[in-house]
Each structure stands twice: as C-alpha cells, then as structure tokens.
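J.: Structure incoming, see below.
The values are calculated or read from the model by the stated rules, or taken from the named source; none is laboratory data. None of these values were measured; they are calculated from a predicted model. Quick reminder, even Gly has a Cβ in these numbers, built from the backbone with ideal geometry, and neighbours come from all protein chains shown. Ligands, DNA and RNA are stripped out before the accessible areas are found, and what is left, the full protein with its side chains, is counted by its heavy atoms. Shrake-Rupley method; radii C 1.70, N 1.55, O 1.52, S 1.80 Å.
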Amino acid sequence: MAERVPIREGTFIESAKGGILLANRCKSCGQTFFPKSSICFNCFSEDMEEMELSRIGKLYSFATAYMPSVHFQPPYTVGMVEMPEGMRVFGPLKIQEGERERLRVGMEMEVIIEKLWEEGETEVIGYKFKPVIS
Amino acid sequence: MREVAVIGIGQSVFGKLPQRNVVELGRESVWTALKDANMSPKDVQFAYVSRLYDAMVTGQTILKEVGIREMEIVNVENACAGGSTALLGVWRNIALGVYDIGIAIGVESMTTSPIASKLIPPAKEDLEGQLGMTMPALFALMARRHMEEYGTTVEQFARVSVKNHHHGCLNPFSQYQKEFTVEDILSSRMICDPITLLQCCPNTDGAAAVIMCPMDIARRYTSKPIKVAACVLKSGNYAYLQDDITFCPTDYKAAMEAYEMAGLGPDDLDVVELHDAFAPEEIFRYEELGLCNRGEGAQLLNSGATELGGRIPVNPSGGLLSMGHPLSASGVRVVVEIARQLRGEAEARQVANAKTGLAHMMGGAVAGLDVGAVGIQILTA
Ligand SMILES: [Zn+2]
C-alpha cells in the first residue's frame with residue numbers, strides 16, 4: 001500500500017464521522033484561524049487553542065478551471081466554503097457526474113479527506129468539499 | 001514636503017517581443033523619457049527600477065546603455081505593484097529634498113521569463129496554490145460572488161473587455177489593436193468559468209519610465225509639468241477581516257488616503273487607468289475607488305460613464321486587457337498614460353479637457369491577505 005502523507009500537517013484529521021478541519025482560536029480575543037496560526041494576528045497573543053471545525057459549511061463561491069494547475073488536470077472545480085465558525089475555506093470540490101451544473105452558492109458542503117495527487121509511491125492526501133446529498 | 005512634478009515620460013511598444021530583451025525595452029523607455037524632458041542623462045541623480053522575473057541589477061543593466069552610471073540605483077519587486085513602488089521611491093526622495101531629479105522604470109519580458117506562456121505558479125508553501133488556486137480561479141471566484149451578491153451578469157463582465165479593446169484600438173502602443181463584440185468575448189475559450197480567454201490580459205513584454213523633479217524647477221525641462229498630487233503604496237490586510245471577496249478593503253483604503261493627500265475626491269477625477277488583469281476586476285475596482293457605490297459597478301459600466309466620451313473614462317489606453325500587462329512595467333505605464341492625458345497628448349484616445357487623473361495598480365495574490373500591494377497616484381495638470 002502506498003504511503004499516505006498529508007498536504008500539510010495539522011490541517012485536518014480523519015474521524016469516524018468523516019473529515020474534520022483543524023483550526024485554532026485565540027484564548028484572549030476569540031479570533032479563529034484556518035490554517036492554524038502560531039500567534040493571534042488581532043491581539044498578538046501566543047495563547048492559542050486548537051479547535052475542530054464543523055463538518056458542514058455553505059458554498060460561498062465556486063469556479064471550474066479549464067486550465068491545468070500544479071497538481072490538477074482540467075476540468076476541475078474549486079470553491080470557497082463558509083464554515084459556521086466564521087471562516088471561508090478554499091479547496092477543491094468533489095463533483096459527481098452531472099453535479100457541476102447543480103452547484104449553487106449557499107448549498108451545504110461537507111468536508112472529505114482523500115487523495116489529492118500522487119508523487120511516485122506516495123499519495124498526498126488533503127481536504128475537499130462535496131455537496132451534501134439530501 | 002516639496003511639490004513634485006512629472007517632467008518626462010517614455011514607454012516601449014507593448015507586445016510579445018521575444019527578440020527584444022529587457023535591456024532593449026528598458027533602454028527605449030528611458031531614452032524616450034529623457035528626450036521628452038529635454039534632459040541630458042547626466043542630469044539624472046537616482047533611479048528606482050522594478051522587475052519581477054529573473055531580476056538582477058536590472059537598473060544598472062538598462063541605465064548603462066544610456067550613459068548613466070555611478071549613482072544610487074535601487075532595484076525593487078512588488079508583484080504587479082512593482083512599478084508603483086519604484087514611483088514611490090522617486091517621488092518621496094524628491095518630495096523630502098534628498099534629490100532633485102530621479103527616474104522610475106518598470107520593465108518585464110514575459111516571453112523570455114522562466115514562466116513564459118505558463119500561469120504564474122504558486123509558491124511551494126502556498127497551501128491554496130497547491131490545492132488548485134490560480135489567478136484566473138481567484139478572479140472567477142470573485143466574479144461568481146459578485147453575480148450572486150449584486151446580480152451582475154457575464155455579459156456585463158464581457159462588456160468591460162469590449163470597452164477596453166475598443167479603447168486599445170485607438171492606442172498605437174497597445175498589444176491587441178482589435179475590436180471584439182460581447183459574443184466574441186463570451187465564445188472565446190473558457191479559462192475558468194465564468195472567465196473566458198478574452199476576459200484575461202495577455203502575457204506581454206514592455207517597459208515604461210517616468211522622470212520627476214521638484215515643481216519649482218520643472219519648467220526648465222517642460223512647458224507642461226504634471227503635478228503628483230498623491231502617491232500611496234499599501235500592503236494587504238488579512239483576508240479573514242474581509243467581509244466580501246469582491247471588495248478589497250486595502251484597495252479602498254489606499255484610494256481614500258490618496259484622495260485625502262490630494263485634497264480631492266472621486267468626483268473630481270476626469271480619467272482613470274486601473275488594474276484590469278481580468279475583465280470582472282474592473283467592476284470591483286470602480287467600487288473600491290469610489291467611482292460608484294458598492295455593488296453598483298455594473299450599473300456604472302452600463303451607463304457608459306467609463307467609456308471614452310463618458311463622465312469618467314476608465315482605461316482609455318485599453319488597459320491591461322488590450323495594452324497587455326508586462327507586470328512590473330504596468331505601474332509606471334499607468335502614470336505615463338495619465339500624464340499624456342493631462343498634457344492633452346493622447347491623440348485619438350484623448351479625454352476632452354482632462355485636468356485630474358488617477359493611476360492605479362495592484363498585485364500579488366498572497367494566501368491569507370486581501371491583496372499583495374496597491375499603488376495609487378493622483379496627477380493634476
Ligand atoms: Zn487575539
């Protein structure tokens with residue numbers, strides 16, 4: 001089995017419920033950060049605590065690219081998802097056949113963790129968002 | 001602070017010019033600016049020079065070709081705002097009385113750079129870049145959001161491109177020189193939905209140069225000195241503080257600071273040159289520069305106000321969309337263009353009776369910030 005490495009340590013975990021993004025919060029002023037920040041940019045406190053973000057957020061905007069990027073071949077779709085904790089998170093969207101036309105700003109999206117790309121024998125894993133099927 | 005004047009302007013032709021290197025392009029812009037200021041190379045006391053790709057002592061390499069040596073040359077980089085940064089260095093040194101005559105140069109040869117015909121690649125440590133963020137994707141996300149928030153349509157984005165390409169046909173320095181219809185724009189290749197190829201600025205080679213001096217000696221060199229009424233450079237703020245990705249607070253604040261410095265407001269402007277790397281962007285910038293209320297950018301465009309002949313023509317040069325975008329040159333080029341307009345020398349693209357103009361450039365996508373840097377200058381005749 002291929003070795004799995006995270007795109008960036010400490011940005012997510014895989015739980016029984018599914019993918020969870022890891023953010024942190026300033027214990028002095030309450031400001032939240034994703035990805036985690038070593039200090040609070042608002043009040044410069046170093047007193048930060050890790051927090052798990054909700055698994056479901058709302059699609060804030062999306063775009064389908066018809067040009068390759070470093071790791072993705074076109075067409076691929078990316079988006080920004082507004083999390084209930086108040087931050088907008090950018091990431092690739094996982095779209096099933098025919099789902100692209102049904103994407104709408106405001107729809108619910110859930111965090112999933114899966115392979116982003118391969119580097120030789122290594123699988124780089126990270127977070128994506130996929131529409132919540134109801 | 002001393003009042004500072006633009007007394008010499010020069011630029012190379014913009015286009016895909018792989019046979020002409022950075023030194024030739026830069027030399028052409030500097031030589032033209034020196035002639036324009038009726039000035040000997042010996043009169044220049046210092047220089048700020050901007051280039052992004054493959055830069056090493058660019059200023060010295062260019063200036064030695066016009067006989068300029070043994071002086072203070074500062075080479076700077078600030079993504080697409082690099083040219084604005086060079087201008088700030090020259091303007092402030094003269095305003096503070098450190099020097100009397102300086103030259104700001106911006107130059108870029110995209111076709112011979114390491115990223116020729118590629119998208120600008122993300123840095124390895126840029127998490128969003130690794131996850132698929134590109135410049136077109138960023139602007140497509142903003143465009144989609146503006147459509148959602150304010151009901152803006154893809155036809156309106158396309159109309160920005162139609163307007164600027166029309167203006168570019170009147171500008172001999174422009175790369176495209178071709179008219180397009182809304183249908184042409186929308187049926188061109190999809191780059192990142194809703195942005196099509198003809199809503200993107202091309203890769204461009206080119207250079208621009210501006211010579212400045214204190215206003216009280218400007219008439220030795222020119223009969224039409226142009227006053228630099230404001231010169232502002234501002235780095236971005238945290239994106240988590242931004243309530244809406246279609247409105248860049250740093251751009252807005254830089255504009256407000258420039259208006260305050262110049263002692264005037266957006267209603268006093270006769271002409272604007274701004275950063276339109278992607279067509280939807282021009283609509284966002286109208287709102288940030290205060291040319292209209294927030295959310296009303298598309299209406300301002302629809303009214304015809306920003307076309308040549310309208311109330312406040314924007315990008316009469318053709319903008320980045322038609323002129324092209326040699327990254328570090330563009331911040332200097334917008335000042336060259338506004339100075340031309342205020343002197344009444346813009347020929348077919350002249351804005352009638354232009355007395356006050358604003359030059360704007362911004363750039364550098366930094367994950368976590370609303371923008372890399374914004375540069376704004378306000379000039380008056
Ligand atoms: Zn804090």
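J.: Looking at the stretch A:48-57, is at least one residue within 13 Å of chain B (Cβ to nearest Cβ) and over 17 Å from B:TYR240 (Cα atoms)?
T.: no
J.: For residues in the stretch B:188-203 being within 10 Å of another protein chain (Cβ to nearest Cβ) and part of a loop (DSSP other than H, G, I, E, B), which is least open to solvent (accessible area, probe 1.4 Å)?
T.: The extreme case among them is B:PRO194.
J.: Among the residues of the stretch A:18-37, how many are assigned to a loop (DSSP other than H, G, I, E, B) and within 23 Å of A:MET80 (Cα to Cα)?
T.: Residues flagged as assigned to a loop (DSSP other than H, G, I, E, B) and within 23 Å of A:MET80 (Cα to Cα) within the stretch A:18-37 amount to 6.
J.: Related question: Restricting attention to the stretch B:50-65, does a residue exist that is in contact with a Leu (Cβ under 6 Å, 6 or more places away or on another chain) and polar (S, T, N, Q)?
T.: Within the stretch B:50-65, not a single residue is in contact with a Leu (Cβ under 6 Å, 6 or more places away or on another chain) and polar (S, T, N, Q).
J.: Which of the residues that make up the stretch B:1-47 are within 23 Å of B:ILE217 (Cβ to Cβ) and open to solvent by 40 Å² or more (accessible area, probe 1.4 Å)?
T.: Answer for the stretch B:1-47, where residues must be within 23 Å of B:ILE217 (Cβ to Cβ) and open to solvent by 40 Å² or more (accessible area, probe 1.4 Å): B:MET1, B:ARG2, B:GLU3, B:TRP31, B:THR32, B:LYS35, B:ASP36, B:ASN38, B:SER40, B:LYS42, B:ASP43, B:GLN45.
J.: Still on this model: For the structure I just gave you, tell me whether B:GLY364 is open to solvent by less than 10 Å² (accessible area, probe 1.4 Å) and assigned by TED's automatic domain parsing to the domain that holds B:ASN171.
T.: Spelling it out, it is not the case that B:GLY364 is open to solvent by less than 10 Å² (accessible area, probe 1.4 Å) and assigned by TED's automatic domain parsing to the domain that holds B:ASN171.
J.: Given the criteria assigned to a helix (DSSP H, G or I) and closer than 22 Å to B:THR152 by Cα, does B:ILE283 qualify? Don't jump to the end; show me each part of the working.
T.: Numbers: assigned to a helix (DSSP H, G or I): yes; closer than 22 Å to B:THR152 by Cα: yes.
So B:ILE283 fits the description; yes.
J.: B:ASP243: closer than 23 Å to B:PHE278 by Cα and of a type outside the set (Val, Ile, Thr), yes or no? Walk me through it before giving the result.
T.: Values: closer than 23 Å to B:PHE278 by Cα: yes; of a type outside the set (Val, Ile, Thr): yes.
When the stated conditions are applied, B:ASP243 passes them.
J.: For the stretch B:49-63, name all the residues that are open to solvent by 40 Å² or more (accessible area, probe 1.4 Å) and under 21 Å from B:GLY89 (Cα atoms).
T.: Answer for the stretch B:49-63, where residues must be open to solvent by 40 Å² or more (accessible area, probe 1.4 Å) and under 21 Å from B:GLY89 (Cα atoms): B:ARG51, B:LEU52, B:TYR53, B:ALA55, B:MET56, B:VAL57, B:GLN60, B:THR61.
Residue by residue, here is whether (1) within 16 Å of the ligand (Cβ to nearest atom); (2) touching an Asp or Glu at 6+ places or on another chain (Cβ under 9 Å); (3) open to solvent by less than 50 Å² (accessible area, probe 1.4 Å) holds:
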site: A:MET48; (1), (2), (3): yes, no, yes
site: A:SER54; (1), (2), (3): no, yes, yes
site: A:LEU59; (1), (2), (3): no, yes, yes
site: A:THR77; (1), (2), (3): no, yes, yes
site: A:MET83; (1), (2), (3): no, no, yes
site: A:LEU103; (1), (2), (3): no, no, yes
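J.: Can you name every residue in the stretch A:105-119 that is farther than 23 Å from A:PHE33 by Cβ and open to solvent by less than 70 Å² (accessible area, probe 1.4 Å)?
T.: A:VAL105, A:GLY106, A:MET107, A:GLU114, A:TRP117
J.: Criterion first (of a type in the set (Val, Ile, Thr), on the phi < 0 side of the Ramachandran plot, surrounded by fewer than 24 Cβ atoms within 10 Å (Cβ to Cβ) and within 14 Å of another protein chain (Cβ to nearest Cβ)) does B:ILE185 satisfy it?
T.: Values: of a type in the set (Val, Ile, Thr): yes; on the phi < 0 side of the Ramachandran plot: yes; surrounded by fewer than 24 Cβ atoms within 10 Å (Cβ to Cβ): yes; within 14 Å of another protein chain (Cβ to nearest Cβ): no.
No, not satisfied.
J.: Going through the stretch A:1-39 one residue at a time, which ones are among the aromatic types (Phe, Trp, Tyr) and within 16 Å of the ligand (Cβ to nearest atom)?
T.: Within the stretch A:1-39, A:PHE33, A:PHE34 meet the criteria.
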